[in-house]
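Quick notes on the structure that follows.
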Amino acid sequence: MVDQAPRINGERLLRDLHDLRKFGARGTGVVRRSLTAVDVESRHWLVERMKDAGLDASIDGIGNVFGLSKKSGKALLVGSHTDTQPEGGWLDGTLGVMYGLEIARAFAENDSTQEFAVDVASWIDEEGTFSLGSLGSEYFCGLLADDALESAENEAGQSLLDALKEAGFDKTPRARLDSQRYAGYIEGHIEQGPYLEDEGKSIGVVTSIAGMRNLAFTFEGEQNHAGTAPMDRRKDACRKLIELAGRINHVLSDHVVPTTVWTIGQIELIPGSPNIVPGAAKMTLQIRDGEESRVEKLTSLVVNLAADLDDPEGVRIAVDPKADRMIGTVMDDGLRAHIERAAEHHVPGCWRLMPSAAGHDAQALATQIPSAMLFIPSIGGISHAFEEDTKEKDIVLGCQVLATAAASILRERR
Ligand SMILES: [Zn+2]
């Protein structure tokens with residue numbers, strides 16, 4: 001049963017989303033990379049909105065923004081991220097943070113939920129500017145040690161510690177999760193894919209978040225003249241790269257399910273000239289799959305293939321498992337059931353269960369406390385692009401469903 005659902009204020013939610021969109025606006029899109037001046041400015045703006053909502057708001061020593069409830073009892077943590085890709089949309093991440101803020105406000109205004117504690121979080125650098133995965137949520141959950149922060153830098157070569165100092169966040173303690181405080185974590189997000197729109201559904205209830213591995217291969221052969229070096233004496237790094245890429249595509253095809261994806265996204269030949277047999281080469285491979293055990297298996301298959309093709313007399317192959325990996329994560333059944341019931345209450349038959357192919361902060365939180373996610377449709381399935389958008393009625397509906405679920409979670413678990 002779903003009862004006494006507090007009504008969210010859709011106009012207020014949309015107004016805040018549009019206000020935040022102005023920070024880093026580029027046409028219809030947004031460029032708000034973590035810890036850039038405009039991102040820092042938007043974090044201070046968010047602190048003010050959280051204070052207006054009656055929350056105890058602050059930015060911690062890593063840049064996470066928290067709005068903590070002053071109510072007693074177990075709290076529900078609601079959040080996502082407000083940083084963007086180099087070319088980002090206005091809803092990716094931002095949506096879930098604003099859902100948290102609106103839910104906190106709606107609860108405070110409703111007699112039946114006034115005493116419920118809702119904490120709101122905006123996790124820093126979910127988009128991985130500093131190549132530490134989902135930095136803010138992973139740090140908060142204890143998945144990243146302080147040491148790991150020291151060597152991190154962005155593409156411009158600015159170190160994370162310098163960026164934090166410049167932002168003025170370095171003097172504040174870095175918050176870590178107190179799991180006793182929480183009944184769980186919920187996150188609303190745009191789908192970033194086409195499935196909800198294609199099926200005419202307005203809500204997705206996430207079952208699992210795909211695991212991901214990034215592998216980097218280097219090939220060491222011998223650089224030589226493209227005209228004079230006989231074919232049988234060459235140590236051609238490119239030929240070896242192509243051979244491995246072909247084997248990967250062939251072997252993985254035998255071990256995957258339809259939702260598994262893998263991508264060879266970067267190839268570099270060194271020195272890269274039509275007149276030179278490449279002496280070295282580099283290649284990346286990314287594998288994503290909803291089941292963590294399959295990601296592990298596919299990764300070890302590939303590592304074994306590389307070992308098989310490694311030739312001490314010819315081209316050597318080295319594999320480096322890069323730091324940015326995501327552990328495949330199953331969402332909490334109990335919290336999920338609340339979101340399912342709320343969806344069925346507001347839009348009977350017009351929602352579906354679905355896995356997430358993209359990574360989210362909820363993956364980090366799920367390692368420590370019960371966590372669940374809700375998706376709303378993305379127009380044309382487009383995200384990580386200026387064109388990213390969602391119908392206003394879907395934005396408002398998603399918040400209402402999450403609010404109803406939040407109330408029922410806290411009724412049960414506070
Ligand atoms: Zn996101």
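Among the residues of the stretch 330-346, which ones are out of contact with any Leu (no Cβ under 7 Å at 6 or more places or on another chain) and not small (Gly, Ala, Ser)? Quick ask: steps written out before the conclusion?
First, the residues of the stretch 330-346 that are out of contact with any Leu (no Cβ under 7 Å at 6 or more places or on another chain): 330-338, 340-345.
Listed by number, the residues that qualify are Val330, Met331, Asp332, Asp333, Leu335, Arg336, His338, Glu340, Arg341, Glu344, His345.
Let's see how each residue does on (1) of a type outside the set (A, V, I, L, M); (2) touching an Asp or Glu at 6+ places or on another chain (Cβ under 8 Å):
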{"position": "Asn154", "(1), (2)": "yes, no"}
{"position": "Leu161", "(1), (2)": "no, yes"}
{"position": "Asp170", "(1), (2)": "yes, no"}
{"position": "Tyr195", "(1), (2)": "yes, no"}
{"position": "Asp198", "(1), (2)": "yes, no"}
{"position": "Leu215", "(1), (2)": "no, yes"}
{"position": "Asp236", "(1), (2)": "yes, no"}
{"position": "Leu241", "(1), (2)": "no, no"}
query = From Leu68, Leu101, Leu161, which residue is closer than 21 Å to Leu374 by Cβ and either away from the ligand (no atom under 13 Å from the Cβ) or surrounded by fewer than 22 Cβ atoms within 10 Å (Cβ to Cβ) (or both)?
reply = Leu101
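Going by what's in this entry, would Gly211 be described as out of contact with any Pro (no Cβ under 6 Å at 6 or more places or on another chain) and modelled with pLDDT under 95?
Working: out of contact with any Pro (no Cβ under 6 Å at 6 or more places or on another chain): yes; modelled with pLDDT under 95: yes.
It is true that Gly211 is out of contact with any Pro (no Cβ under 6 Å at 6 or more places or on another chain) and modelled with pLDDT under 95.
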ask   = On the given criteria, is Glu48 surrounded by fewer than 21 Cβ atoms within 10 Å (Cβ to Cβ), more than 11 Å from the ligand (Cβ to nearest atom) and at pLDDT below 95?
value = no
key: Among (1) touching a strand residue (DSSP E or B) at 6+ places or on another chain (Cβ under 8 Å); (2) among the hydroxyl-bearing types (Ser, Thr, Tyr); (3) over 20 Å from Asp308 (Cα atoms), the one test that Thr218 misses   = (3)
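Ser80 - would you say it is over 17 Å from the mean Cα position of the chain (by Cα), polar (S, T, N, Q) and over 21 Å from Arg7 (Cβ atoms)? Break it down stepwise before answering.
On the way: over 17 Å from the mean Cα position of the chain (by Cα): no; polar (S, T, N, Q): yes; over 21 Å from Arg7 (Cβ atoms): yes.
Against the criterion (over 17 Å from the mean Cα position of the chain (by Cα), polar (S, T, N, Q) and over 21 Å from Arg7 (Cβ atoms)), Ser80 does not qualify.
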key: Output for the stretch 256-269, where each listed residue is farther than 19 Å from Ala307 by Cα and either assigned to a loop (DSSP other than H, G, I, E, B) or over 33 Å from the mean Cα position of the chain (by Cα) (or both)   = Val256, Val257, Pro258, Thr259, Thr260, Gly265, Gln266
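Every residue, every condition in (1) among the acidic types (Asp, Glu); (2) closer than 22 Å to Leu101 by Cα; (3) in contact (Cβ under 8 Å) with a residue 24 or more places away in the chain, yes or no:
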{"residue": "Gly157", "(1), (2), (3)": "no, no, no"}
{"residue": "Asp162", "(1), (2), (3)": "yes, no, no"}
{"residue": "Arg176", "(1), (2), (3)": "no, yes, yes"}
{"residue": "Tyr182", "(1), (2), (3)": "no, yes, yes"}
{"residue": "Gly200", "(1), (2), (3)": "no, no, yes"}
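Could you name every one of the strands (runs of 3 or more DSSP E) located completely within the stretch 279-380 that has at least 2 residues being at pLDDT below 95 and buried (at least 16 other Cβ atoms within 10 Å of the Cβ)? Before the answer, list the steps.
On the way: elements: 280-289, 316-321, 351-356, 371-376.
In the stretch 279-380, the matching strands (runs of 3 or more DSSP E) lie at 280-289, 351-356.
To keep it simple, each residue is scored yes or no on (1) within 16 Å of the ligand (Cβ to nearest atom); (2) within 23 Å of the chain's Cα centre (by Cα); (3) surrounded by fewer than 24 Cβ atoms within 10 Å (Cβ to Cβ); (4) touching a residue at least 12 places away in the same chain (Cβ under 8 Å).
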site	(1), (2), (3), (4)
Gly96	yes, yes, no, yes
Ala108	no, no, yes, yes
Phe116	no, no, no, yes
Ser134	yes, yes, no, yes
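Just one of Gly359, Gly328, Gly381 is away from the ligand (no atom under 16 Å from the Cβ), touching a residue at least 60 places away in the same chain (Cβ under 8 Å) and more than 30 Å from Arg233 (Cβ to Cβ); which is it?
Details: Gly359 fails: away from the ligand (no atom under 16 Å from the Cβ); Gly381 fails: away from the ligand (no atom under 16 Å from the Cβ).
Every option except Gly328 fails the conditions.
Kindly establish whether Asp16 is away from the ligand (no atom under 16 Å from the Cβ) and either of a type in the set (D, E, K, R) or at pLDDT below 95 (or both). Don't jump to the end; show me each part of the working.
Values: away from the ligand (no atom under 16 Å from the Cβ): yes; either of a type in the set (D, E, K, R) or at pLDDT below 95 (or both): yes.
When the stated conditions are applied, Asp16 passes them.
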note = Conditions (1) in contact (Cβ under 8 Å) with a residue 60 or more places away in the chain; (2) touching a helix residue (DSSP H, G or I) at 6+ places or on another chain (Cβ under 9 Å); (3) farther than 21 Å from Phe107 by Cβ; (4) not hydrophobic (A, V, I, L, M, F, W, C) -> His345 fails only (3)
ask   = Among the residues of the stretch 172-192, how many are out of contact with any strand residue (DSSP E or B) (no Cβ under 8 Å at 6 or more places or on another chain) and away from the ligand (no atom under 16 Å from the Cβ)?
value = 7
From Leu244, Leu252, Leu215, residue being closer than 25 Å to Arg325 by Cα and part of a strand (DSSP E or B) = Leu215
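The values are calculated or read from the model by the stated rules, or taken from the named source; none is laboratory data. Since the structure is predicted, the reported quantities are computational estimates derived from the model, not experimental observations. We place every Cβ from the backbone using ideal geometry, glycine too, and count neighbours over all the protein chains shown.
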